[in-house]
Amino acid sequence: MITDYLQTVDWSRAQFALTAIYHWFFVPLTLGLSVIIAIMETLYYRTKDEFWLRTTKFWMRLFGVNFAIGVATGIILEFEFGTNWSNYSYFVGDIFGAPLAVEGILAFFMESTFIAVMFFGWNRVSKGFHLTATWLTAVGANLSALWILVANAWMQYPTGCTFNLETVRNEMTSFAAVALSPVAVNKFLHTVTSSFTLAALFVVGVSAWYLLKGRETRMAKKSISIASAFGLLFALLTAHTGDKSGAIIGRVQPMKLAAMEALYEGRTHCPLTAFGVVCADDYKTGEQARLKVEIPSLLSMLTFRDAGAFVPGIRDLVEGNPSQGIISTAEKMERGRRVVAELRRFKEARAVNDQEEAAAVKRLFDPSTSEGEVFMRDYYPYLGYGYLSSPEEVVPHVPLLFYSFRLMVGAGTLFILILALVWWSNRKNLLEKRRWLLHTVLWCIPLAYLASQAGWVLAEVGRQPWAIQDLMPVSVAASKIPSASVSVTFFIFVVLFTALLIADISILVRQIKSGPEKE
């Protein structure tokens, strides 16, 4: 039974990763393209030029195809928390469910209401009302992303909650602390700005295709004019928010930072590895990145804003480093097992109605008492470690994180350069002569999607083995259901999502080839 449960955990992880990856193919374009469309319609509203109406409708068609298919994968993703991760949902449902409820009630309903006006309200409502509906659709889409990312950020950095011993659940004490935590704010800003960059590259790339084909030249140039400036701005903001992300990760998820830098031994004046080769995944035998190009002291500077700061490595975090105030994972496991034992003790005391024993445990979980203050400060934060079987479990997949990070950062840097060059070339009316640049931008579309997926791999694989950082590992978060039921639905989803993705791409390609409506 234990073996089957572990298989259920693995299949549940695979199914959730599959759904999230496919869903993320659709979300970034929806977030950014909705804003670009709203900008174009604003130009139509101000100029009354029918050209902008035709251009807006064309990009709106592509947005609609992507939006419709993306919704299907998103709904399935949320249901999986209840079906595949019921232990997780029970433990933190009061907290995790709140932002998702706000997303459904406020953002998704607003988005789905006004998108109907946006698509079917032409010549049925006033131009001003239609423009308002388009902007509210864009706002609704990004608000929807906000609340989902708040929920995800809480998993990375649990805050604004307290543990209820009676129900064995975490309960929210401050919605503001959950919604405005530094992880939540920066995760939203980084995700949205990178999504805007992807959408801009999509518009620029499609427009470049029209220029290469000698079709719709005016629409292509005007679209590039808007999208390249829009994309350049948000590519720079993505770099800025990415820098802040690294600093935050170094403080709240130091193992993720160490893994994505393949930093096995902590150092002061720690350099940043710009490029390197990592092969080993075992922290005991793993080597520092080879063939590497380092920038001296930059990792210390970016993480702690101090060139001489100590950045802990994987061995420091696993084996401990008393001189730096870092306790070992083995010690955290002992403290976590103490918490698990007290929870079991409380359950057994209640089962036999031993009020005195139950009251003794309650005092431990009550931070207002002297013994409870110590216990909740020094032991409870390591609850999740009590379920680990070995210290090595806290080390995520180092090579995957190392290369994902460099793919994301490298692609982001390239996008800044390409968008700046495209904007300048288009402004000087040189773009059509630089066919190599048009081809490059076209290839930036799949690269942008790859970089976006790499960012999510970094965020989610980097916090393994945790479903909730330090409080609940994935090994106890899954539902206790037969592994066969999850494996069967996994393959069903593979077929279904692949079909949806193929349909999305084929419809988009067909719509692009047919072009905007005839004048």
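The values are calculated or read from the model by the stated rules, or taken from the named source; none is laboratory data. Small disclaimer: the values here were computed from a predicted structure and weren't measured. Neighbour counts are summed over all protein chains in view; Cβ atoms, including those assigned to glycine, are modelled from backbone coordinates with ideal geometry. Quick note on the areas: whole protein, heavy atoms, side chains included, nothing else; ligands and nucleic acids left out. Shrake-Rupley method; radii C 1.70, N 1.55, O 1.52, S 1.80 Å.
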(request) Report, in order of residue number, the helices in the chain meeting two criteria: a C-alpha extent of 20 Å or more along the helix axis, and a mean Kyte-Doolittle hydropathy of at least 1.6; treat each whole DSSP H run as one helix. (result) 483-514
(request) Under 12 Å Cα to Cα from Lys221, which aspartates and glutamates show up? Leave out anything in the same chain fewer than 8 places away. (result) Glu432
(message) Can you tell me how the chain classifies by the Cα gyration tensor, rounded, prolate or oblate, using a/c under 1.5 as the rounded cut?
(response) prolate
(message) Counting only helical runs of four or more DSSP H residues, what would the 222 nm mean residue ellipticity of the chain come to if each run contributes -39,500 (n - 2.57) and the total is spread over all its residues?
(response) -24000 deg cm²/dmol
(request) For the range 45-86, run through the trypsin sites (Lys or Arg not before Pro) and keep only the ones in DSSP coil with at most 10 other Cβ atoms within 10 Å of their Cβ. (result) Lys48
(request) Quick one: check the C-alpha center-to-center distance for the range 1-80 versus the range 444-503, whole angstrom. (result) 16
(request) Could you please state, rounded to a whole Å, how far the C-alpha centre of the range 293-352 is from the C-alpha centre of the range 184-208? (result) 35
(request) Any chance you could look up the accessible area of Val457 with a 1.4 Å probe, heavy atoms only, rounded to 10 Å²? (result) 40
(message) Using only the alpha carbons of the range 437-519, what is the convex hull's orientation-averaged projected area in square nanometres?
(response) 9.3
(message) If I take all pairs of Cα atoms in the range 1-111, what percentage of them are more than 22 Å from each other?
(response) 51
(request) Beyond 31 Å between alpha-carbons counts as too far, so tell me which of Lys428/Lys518; Lys127/Lys222; Lys244/Lys332; Lys127/Lys244 fall in that bin. (result) Lys127/Lys244
(request) Provide the three semi-axes, in whole Å and in decreasing order, of the ellipsoid equivalent to the range 147-290 as defined by the square roots of 5 times the Cα gyration tensor eigenvalues. (result) 38, 26, 13
(request) Please work out whether the range 368-519 counts as rounded, prolate or oblate from its C-alpha gyration tensor, where a ≥ b ≥ c are the square roots of the eigenvalues and a/c under 1.5 means rounded, while otherwise a/b larger than b/c means prolate and anything else oblate? (result) prolate
(message) With a cap of 15 neighbouring Cβ atoms within 10 Å, and only residues DSSP puts in a loop, list the GluC sites (Glu not before Pro) found in the range 103-181.
(response) Glu166
(request) Just reorder Thr132, Thr217 by solvent-accessible area, largest first, 1.4 Å probe, all chains present. (result) Thr132, Thr217
(request) Grab every C-alpha pair in the range 131-206, bin the distances at 5 angstrom width from 0 up to the longest one, and report whole percents. (result) 3, 14, 17, 18, 16, 11, 9, 6, 3, 2, 1, 0
(message) What does the C-alpha gyration tensor say about the overall shape of the range 305-435? Classify as rounded when a/c is under 1.5, otherwise prolate if a/b is larger than b/c, or oblate.
(response) prolate
(message) Within 10 Å of each candidate Cβ there may be at most 13 other Cβ atoms; applying that plus a DSSP loop requirement, which trypsin sites (Lys or Arg not before Pro) in the range 218-326 survive?
(response) Lys284, Arg305
(request) Give the peptides 68-78, 486-496 in descending order of average Cβ contacts within 10 Å, highest first. (result) 68-78, 486-496
